[in-house]
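The values are calculated or read from the model by the stated rules, or taken from the named source; none is laboratory data. Note that the structure is a prediction, hence the values are computed from the model and not measured. Ideal geometry is used to build each Cβ from the backbone, glycine not excepted, and the neighbour counts take in all protein chains shown.
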Amino acid sequence: METDSATHTTPDVTPNITMHEAVARMACLLDAACEDLVHAQQAVETCVRGLALSDADMGRLQKLDVATQTVAAVTTVLRNLISLPHPGPADGVSVARLYDGVTLGAVVRALKGTHAPDGSLPAGTIDLF
């Protein structure tokens, strides 16, 4: 609620949007965030090229890579969701159609409900961006 004065309040006049529009808008935000993450990875790669990294540093870099891949995969899932016919709130959707084009196993497993993503990979397995 917004307040016009100390004694008078006006209702929040934000517009209603459909679930489809909300998901589409969030997918656009994730696209932008993913692009920023890719640029950050490129900057980090330039900075660390030729340096010996500790296991802890490798782990942190791997988390950045996993975060970037996760944002990209979730964006794909959202785009797949909005491409489906508009189901009702209680209607089911095909999990396979949701993860079509997703290559990150943790996201596929999360959709299937078989394993929550943990984002951890063994130290030393980083492939710099």
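List of remarks:
Conditions tested, residue by residue: (1) at pLDDT 90 or above; (2) in a loop (DSSP other than H, G, I, E, B); (3) surrounded by 15 or more Cβ atoms within 10 Å (Cβ to Cβ).
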position	(1), (2), (3)
Leu29	yes, no, no
Val66	yes, no, yes
Thr70	yes, no, yes
Val74	yes, no, yes
Gly101	yes, yes, no
His115	no, yes, no
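- Of all residues in the stretch 67-89, those satisfying the criterion of being under 13 Å from Met19 (Cα atoms) and among the aliphatic types (A, V, I, L, M) are Leu78, Leu81, Ile82, Leu84.
- Only a single criterion out of (1) under 18 Å from Ala27 (Cβ atoms); (2) surrounded by 14 or more Cβ atoms within 10 Å (Cβ to Cβ); (3) at pLDDT below 90; (4) not β-branched (Val, Ile, Thr) is not satisfied by Pro85, namely (2).
- Residue check, Gly119 at positive phi, modelled with pLDDT of 95 or more and not in a helix (DSSP H, G or I): no
- Contacts under 9 angstrom Cβ, first residue in the stretch 31-53 being under 18 Å from Arg79 (Cβ atoms), partner of a type outside the set (Ser, Thr, Tyr) and not in a helix (DSSP H, G or I), 6 or more apart: Val38/Phe129
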